[in-house]
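Here's the structure, in structure tokens; my notes come after.
The values are calculated or read from the model by the stated rules, or taken from the named source; none is laboratory data. Predicted model, so just to flag it, every value in this text is computed and none were measured. Methodologically, a virtual Cβ is constructed for each residue, glycine included, from the backbone with ideal geometry; neighbour enumeration extends over all protein chains shown. Quick note on the areas: whole protein, heavy atoms, side chains included, nothing else; ligands and nucleic acids left out. Shrake-Rupley method; radii C 1.70, N 1.55, O 1.52, S 1.80 Å.
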Amino acid sequence: MGWQAVLPPMWLCLAGLLIALAAAYFNRNNQLLCATRAVLGLVTGITLASAYGYKLLESRYPDTCAGRTVAVSGIVSSLPRLDSVREGTIRQRFEFSVASIDDAQCRGPRRLLLSYYGDSSIRAGEWLALRARLRKPWGLANPGGFNAQSWLAQIGIDGTGTVKSLLPTEPAGSALLAAPHHLRARISTALQEASLSSSAAGILRAITVADRGGLSPDLWQLMQYFGINHLLVISGLHVGMAGGLGYLLGQLFARIALLLTAAYWYRYLPALLSLCFALFYSSLAGFSLSTQRALVMLACVLLASLARRSSSGFYNLLLAAVVLLVVNPLAGLASGFWLSFSAVACLLWLGLWYPSQSLFGRLFATHAYMCLAMIPIAGWWFGGASLVAAAANFLLVPLVTFLLVPLALLGAVLCLLTVPGFEAPWRWAADCIDALLQGGHDIAANYGQWFYLWLSPSPVQMLLALLSAALLVIPRYPLLRVIALVLIMPLALPVEREIPEVPVLTVFDAGQGTAVLFRSGANALLYDTGGGDSTGPNIASSVIVPMLRRLNVAELDTLVISHSDNDHSAGTAAIVNALPVTRYRYGGSSVVAGAGGLPCRAGESWEWPDKVRFHLLAPALEPALSSNDMSCVLMIELGGRRILLPGDIRATRERVLVDYWGDALDSDVLLTAHHGSQSSSGWAFLKAVQPGIALFSYGFGNPFGHPNGAVVGRAGQFADELGLTGHEGALQLRFLPSGEIELSRWRQQQWYYWM
């Protein structure tokens, strides 16, 4: 149901459920019994998913309250994540369980995702009263990019916002509900304050309390190259290990107790301790999807053993999937759901055919097979897969599972018990991590380019590769091995670069920033890179580079950075490091990043082989201007049509361009200056440009009020069509041979009910 554009009416679902129940009850034909039960299960699933969807929409922060500042009280229900959003500005981002909202019209949300930019430290589990500017859950919408809105729906976020101020309050709420958050915060803080390297502390925080705030982008990329990112997540393997430790201790205590007394109930002790240990570790992980799956499977096994019944791995896996989807029908939208269940299914499939290998042979075969089987799945979800994952996991999975995780948990338990010297296990683990990271960095520096395969398989290629992996392990049938090799060949074939049939202009949904990609023939130009952290997560690394790789764009003919403001230039280094750039131009007095760039100068022109021409209209050699007015103003000419990209110039600068260029500014497409700010897109400029299509690049619900209503109104008097990235997602314009310009809006192409 998560992929449905609209939800079916509840009365229709309930009517269908009653009919299916009646058919199942009164059915006396054994041949139709299975079909009747299948229909009943399907209708039941649709009804439950629809009810969940209506409840989700009912709890959404209402549009009528968008932008309103309200007083909210509740509990911080996650570990705050610290990000550097701008130089010197730290953001604390945290989930917030709502107890009350002072405005009666805005009540309904149960959980919020809030950002705080103040000096106070937000602590998990604490009771807070605050004033926040809220809006409905939203997110960037770009072709193939991370779908933030889907993620927010999956984790049950009913609204997002920015904390304006913290209010004095007395602690309230349930201490029991806040206890797990307090424990996680205490352990995470102790690890941050311990005398460990930042990388080791970040990894230990990740595998102990699922706090990934200490994992730098470089560290995450290193793990990606070796195919061991999953080791930085509290996975089902780790939960199973905790459950196994509890089971062994339970066996020990039960045997001791049986020597002292003949009480029958002691036989339940191993299962009880196993479940308690697994629950404790899962609570430290915040009950992530992978830990929920592991808990359900573990519970199935334990209950079956207590009932003295056999338990099938595939049956437990199916039951875990059903339970998770009943609790949260949108879990099926998450990559973690498919990766987690696919990995366990592959392990069960391998064990079905090779149950009696030696320990070494089983470990080697398991890692090699999992590496092969997960390549198409990882390529589908992440655009690539590690080619050395089998060897890396063969070494590191036992090390992490049987050494680092136990040491991390031992340190956590000692920390919670305030035992003197509790940092010792963490230091031992950190020494091991630092040695491994040093070796990993050295290897990646010399051979890293060969470790990772960038690929974007089609659905057919992925299914064929998965079928190949399934056939490959079936013994005694050499023909199946040959068929398996044939089936995987389409995935291994090099993908030809996709050359657009017509010129295409893509204005990315870059939040409160700008990023524009123009492609014609085999050439590509990127104008600005969007915002974010220049040394960490940014729009370029999360949206632009993945899209260029999916399009098999191996190099950029031109990169233009309009000016040095962070919302236009933060991803410059990410672009320059990801692929070669032939021509690099920038606006302002200094190079934003990289070497070899030249300042934009009015009058410079160049041409592509397919007769597409580019002209820089500003800045000229003139006295120092503000950063915005030093923006590179670029015009693109193709087949008699024009595109004008003016950066962030203000109205005074626009009048200078009008005085100098006059009718030469006339364009079919205009990206309005400065995100639709009131200080730009004046009457004189719009009259000179006469745009047929006016585009606005801005962030949804931004605090600046962009785009200004008056500016949108002015542009609408000249333009036949308006495009608004904040509300409509990425905008794509195709320049057809007939002279028409086809404008498509990404949110209209990818619309689901939870949006």
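Looking at segment 43-82 only, could you name the residues that are part of a strand (DSSP E or B), touching a helix residue (DSSP H, G or I) at 6+ places or on another chain (Cβ under 9 Å) and over 30 Å from SER283 (Cα atoms)? Within segment 43-82, just VAL70 meets the criteria.
All told, ALA179 falls short of being part of a helix (DSSP H, G or I) and in contact (Cβ under 8 Å) with a residue 60 or more places away in the chain. Scanning segment 525-555 for residues that are assigned to a loop (DSSP other than H, G, I, E, B), on the phi > 0 side of the Ramachandran plot and buried (at least 24 other Cβ atoms within 10 Å of the Cβ) yields ASP528, GLY530. Say whether the condition of being modelled with pLDDT under 75 and either crowded, with 19+ Cβ neighbours inside 10 Å or charged (D, E, K, R) (or both) is met by at least one residue in segment 300-308. Within segment 300-308, one or more residues are modelled with pLDDT under 75 and either crowded, with 19+ Cβ neighbours inside 10 Å or charged (D, E, K, R) (or both).
Of the residues examined, GLY596 is not one that is buried (at least 20 other Cβ atoms within 10 Å of the Cβ) and in a loop (DSSP other than H, G, I, E, B). The single condition from (1) crowded, with 20+ Cβ neighbours inside 10 Å; (2) β-branched (Val, Ile, Thr); (3) within 19 Å of SER165 (Cβ to Cβ) that THR69 fails is (1). Only one entry in ALA424, ALA412, ALA408, ALA435 is surrounded by fewer than 21 Cβ atoms within 10 Å (Cβ to Cβ) and farther than 18 Å from MET223 by Cα, namely ALA424. Flag: THR558 does not match the condition of being modelled with pLDDT of 90 or more, open to solvent by 50 Å² or more (accessible area, probe 1.4 Å) and not in a loop (DSSP other than H, G, I, E, B).
In segment 404-417, the residues that are aliphatic (A, V, I, L, M) form Cβ pairs under 8 Å with partners that are at pLDDT 90 or above and open to solvent by 30 Å² or more (accessible area, probe 1.4 Å), at six or more places apart or across chains, as follows: LEU404/CYS432; LEU407/TRP428.
With respect to the conditions (1) of a type in the set (Lys, Arg); (2) at pLDDT below 75; (3) buried (at least 22 other Cβ atoms within 10 Å of the Cβ), ARG205 falls short on a single one, namely (2).
Using the structure shown, decide if MET489 is in a helix (DSSP H, G or I), open to solvent by 20 Å² or more (accessible area, probe 1.4 Å) and in contact with a helix residue (DSSP H, G or I) (Cβ under 6 Å, 6 or more places away or on another chain). Write out each step before concluding.
Numbers: in a helix (DSSP H, G or I): yes; open to solvent by 20 Å² or more (accessible area, probe 1.4 Å): yes; in contact with a helix residue (DSSP H, G or I) (Cβ under 6 Å, 6 or more places away or on another chain): no.
For MET489, the condition - in a helix (DSSP H, G or I), open to solvent by 20 Å² or more (accessible area, probe 1.4 Å) and in contact with a helix residue (DSSP H, G or I) (Cβ under 6 Å, 6 or more places away or on another chain) - is not met.
Quick check: anything in segment 280-292 among the aliphatic types (A, V, I, L, M) and either open to solvent by 60 Å² or more (accessible area, probe 1.4 Å) or at pLDDT 80 or above (or both)? Working first, answer last.
Residues of segment 280-292 that are among the aliphatic types (A, V, I, L, M), as a first pass: 284-285, 289.
Those still in the list that are either open to solvent by 60 Å² or more (accessible area, probe 1.4 Å) or at pLDDT 80 or above (or both) too: none.
Scanning segment 280-292 turns up no residue that is among the aliphatic types (A, V, I, L, M) and either open to solvent by 60 Å² or more (accessible area, probe 1.4 Å) or at pLDDT 80 or above (or both).
Looking at ALA390, ALA368, ALA385, which is the one that is outside any helix (DSSP H, G or I), open to solvent by less than 50 Å² (accessible area, probe 1.4 Å), modelled with pLDDT under 85 and not β-branched (Val, Ile, Thr)? If you could, list the steps in order and put the result at the bottom.
Details: ALA390 fails: outside any helix (DSSP H, G or I); ALA368 fails: outside any helix (DSSP H, G or I).
Testing whether each residue is outside any helix (DSSP H, G or I), open to solvent by less than 50 Å² (accessible area, probe 1.4 Å), modelled with pLDDT under 85 and not β-branched (Val, Ile, Thr) leaves just ALA385.
Could you tell me whether segment 473-481 includes any residue that is under 26 Å from the mean Cα position of the chain (by Cα), surrounded by 12 or more Cβ atoms within 10 Å (Cβ to Cβ) and free of Cβ contacts under 8 Å to residues at least 60 places away in the same chain? I'd like the intermediate steps shown before the answer.
The initial filter retains those residues of segment 473-481 that are under 26 Å from the mean Cα position of the chain (by Cα), namely none.
Checked against the condition, which is being under 26 Å from the mean Cα position of the chain (by Cα), surrounded by 12 or more Cβ atoms within 10 Å (Cβ to Cβ) and free of Cβ contacts under 8 Å to residues at least 60 places away in the same chain, segment 473-481 yields no hits at all.
Restricted to segment 264-333, the set of helices (runs of 4 or more DSSP H) holding at least 3 residues that are closer than 18 Å to VAL405 by Cβ and either among the hydroxyl-bearing types (Ser, Thr, Tyr) or without any contact (Cβ under 8 Å) to a residue 12 or more places away in the chain (or both) comprises 269-284. When residues in segment 697-755 are screened for being more than 16 Å from GLY676 (Cα to Cα) and charged (D, E, K, R), 6 of them pass.
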